[in-house]
Amino acid sequence: MGQTAMQKILASHAGKKSVEPGEFILAKADLAMANDVTAPIAIKALEKHGITKLWNKERIAIVFSHFVPAKDIQSAAQAAFAREFAHKYDLPLFFDEGRGGVEHSLLPELGLVVPGEVVIGADSHSCTYGGLGLFSTGVGSTDLAAVMATGEIWLKVPETMRFNYRGTLDPWVTGKDLILYTIGQITFDGALYKNMEFTGPALKSLSMEARLTITNMVIEAGGKSGFIEADEVTEAYLKGRAKRPYTIVKSDPDAKFCASYDWDMTGMEPQVAQPNLPDKVTGVSKVSGAKVHSAFLGSCTNGRIEDLRIAASILKGRKVAKGIRFMVIPATQNIYRQALKEGLIDIFMEAEAIVSAATCGPCLGGHMGVLGPNEVCISSSNRNFPGRMGHRDSQVYLANPAVVTASAITGYVCHPEEVVGKKKVAA
Amino acid sequence: MIKGTAYKFGHNVDTDQIIPAKYLVTTDPKELAQHCMEIADADFPRKAKPGDILVAGRNFGCGSSREHAPISIKGMELGLVIAESFARIFFRNCINIGMPILECPEAAKDAESGDKLEVDLDKGIIKNVTKGKTYQAQSFPPFMQELIRAGGLMPFVKKRLAAQ
Ligand code: SF4
């Protein structure tokens, strides 16, 4: 019987010839990651149990992302606590404020996660990295403390669901729309405990960044991990970036999948998840006209340079609608600099959008544009549960960057074509 | 034996509803406990007493990986959480920090807020005294039982480190 890529990766990291779904293993991790919110609990767990020796300081990344720059006194104190730890152990992969950005955009950008690896992150969207052909999953802080101490993680080998996307994508359809559609089909817990493998010609036509958007959101279907086999697009992305040698792992033709989906995406319009669940998905035309108060372009889902370019191409020469706030937050410091160089930031500011330093910011209702009672936001991020971006009675629509930007210009949810006409404009 | 009153919640209660992000600036269990479940039910932190039982539908604890969520529940000294199903990371976090949970779709579906429950954690037996019904929850796989017996993940890790 053939093996899925995930079985192969996990077997090789557990020192076994093969593993079966459902089996419990202790796997060796290649990288452990925590952020400013999850690191403190992990550090306290280590301290409480008197563990002072770290597994491998070269492989422990701490990325400040959520409440940076500090939003209040408590978050400043919390950051100081994690910073002190990073300095004490002299962690080379400590990314302080101004030196990194949102973790799931940063680690791929710096080539710190590569195909064939096992990456464990104390943040639920750590599943993002699987877009590069590796196993990665999100865990809590205590799990991460255990990896920091031993380099090992206990895992149940997941079953794999396979998604095959065929056809030709419409000009305004991106990775975000494929994953929103998928979540809408299988629902919020359709992939609970499972690995989601994405493939097919329509998927292969997507850039590395758009692919990372897809694996970013597997958790919104309950998934444990996402996987996209590395190909020439992946290798081109890794060139000059990859910090470690890598192995490309593929599922065997006769591998066993617990479910297989095969969809023709031709003619699908951009997708929107309506309040308050990521699986309340519909085509944008069905919700077109819904009033919004603010729009947010950013986050680990869609805060990359490609996303900013699309937004700028739509915004150029236009203005954000009166009474609407449009937050634009490049996901990393490097993306911000690139956007500056390309003149994108100027376009955003000219259009009266608000541009901020790299942070998660409003994605989790932290700061930089928190929603008030009954306010409605259209966001390029990944979650719209009640209260996610602010007040419990606020509402969030999730969409791709083009839809978010067009909606910021009109003040209601709309198709980008409503703003720029039929053809997609070049950035 | 855990004896307490049930507080019932719906499907997909995510960790933002268990503990909103604005409180993630602290890791103190008592402080977090004061805001536990407040998005879903603003009075919950004051109503529920130590030993009471949180009952939920499918996919409880989905969303963010924040361990602050089970810590806030533990901080309230609730007896346990019973759900139709748990989100994966939340499930792991509970096992790792020693917060008792049981997966039992029938018991979770039947229970209503205010029901008196009695739970034998070791045997996984849930008794709804109000409704006069008894249920058997799913048992943990042997590996997890080992973790639970060790008192959570960190004691287990220390044992492994000592053995190396
Ligand atoms: S951008 Fe949002 S989803 Fe991504 S890591 Fe930050 S808070 Fe989480």
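Hydrophobic long helices, here whole DSSP H runs in chain B with Kyte-Doolittle means of at least 0.0 and Cα atoms spread over 27 Å or more along the helix axis, are not found.
Each stretch of four or more DSSP H residues adds -39500 (n - 2.57); spread over every residue of chain A, this sum gives -8500 deg cm²/dmol at 222 nm.
When you filter the GluC sites (Glu not before Pro) in segment A:95-138 for DSSP loop state and at most 11 other Cβ atoms inside 10 Å of their Cβ, nothing is left.
Considering all different alpha carbon pairs of the protein assembly as shown, the Kirkwood hydrodynamic radius works out to 24.0 Å. For segment A:239-250, 3J(HN,Hα) computed residue by residue from phi via the Karplus equation (6.51, -1.76, 1.60; θ = phi - 60°) reads 4, x, 10, 4, 8, 9, x, 9, 10, 8, 10, 10 Hz, glycine and proline entered as x. Each principal axis of the Cα cloud of segment A:8-145 was taken in turn, and the coordinate range along them, longest first, works out to 50, 34, 24 Å. Counted over all Cα-Cα pairs of segment B:37-80, pairs farther apart than 16 Å make up 38 percent. For segment A:213-291, pairs of C-alpha atoms spaced more than 20 angstrom apart make up 57 percent of the total. Rounded to the nearest 10 square angstrom, B:LEU161 shows an accessible area of 50 square angstrom against a 1.4 Å probe. Taking a quarter of the surface of the Cα convex hull of segment B:1-105 gives a mean projected area of 5.6 nm². The antiparallel fraction among DSSP beta bridges confined to the protein assembly as shown stands at about 30%. About its Cα centre, segment A:167-250 has a charge dipole of approximately 400 debye under the convention of +1 per Lys or Arg Cβ and -1 per Asp or Glu Cβ, with nothing else charged. A:ILE25 sits with roughly 10 Å² accessible to a 1.4 Å probe, with DNA, RNA and ligands left out of the calculation. Extending 7 Å from Cα along the Cβ direction at A:ASP252 and again at B:ARG149 yields two label points whose distance is 3.5 nm. Solvent-accessible surface of protein heavy atoms, probed at 1.4 angstrom with all chains present, puts B:THR134, A:THR359, B:THR5 in the order B:THR134, B:THR5, A:THR359, largest first.
With a 1.4 angstrom probe, the accessible area lost at the A-B interface totals about 4100 Å².
Placing one identical point scatterer on every Cα of segment A:110-217 and ignoring solvent, what is log10 I(q)/I(0) from the Debye formula at q = 0.15, 0.19, 0.24 Å⁻¹? Listed by q, the Debye log ratios stand at -0.67, -1.02, -1.46. Amide hydrogen proximity for A:GLY390: with H placed 1.01 Å from N in the peptide plane, the residues at 5 or more positions away or on another chain lying under 5 Å are A:LEU371. Only protein heavy atoms count here; on that basis, with a 1.4 Å probe, A:SER205 has an accessible area of about 90 Å².
Over all distinct Cα-Cα pairs of segment A:270-427, the Kirkwood formula returns a hydrodynamic radius of 15.0 Å. Among A:ASP189, B:ASP16, A:ASP170, the sequence by solvent-accessible area, most first, with a 1.4 Å probe is A:ASP170, A:ASP189, B:ASP16. Taking A:SER285, A:SER356 and ordering them by how much accessible surface each has at a 1.4 Å probe, largest first, produces A:SER285, A:SER356. Just so you know, the averaged projected area of the alpha carbon convex hull for segment A:318-406 sits at 5.5 nm².
For segment A:1-36, the set of trypsin sites (Lys or Arg not before Pro) satisfying both a DSSP loop assignment and a count of at most 16 other C-beta atoms within 10 Å is given as A:LYS16, A:LYS17. Shown here for segment A:288-385: trypsin sites (Lys or Arg not before Pro) in loop regions (DSSP other than H, G, I, E, B) with at most 10 other Cβ atoms within 10 Å, namely A:LYS322.
The values are calculated or read from the model by the stated rules, or taken from the named source; none is laboratory data. In this text the structure is predicted, and so the values were computed from the model without any measurement. Cβ atoms come from the backbone with ideal geometry, glycine included; neighbour counts cover every protein chain shown. In case anyone asks, the SASA skips ligands and DNA or RNA and just uses the protein heavy atoms, side chains included. Shrake-Rupley method; radii C 1.70, N 1.55, O 1.52, S 1.80 Å.
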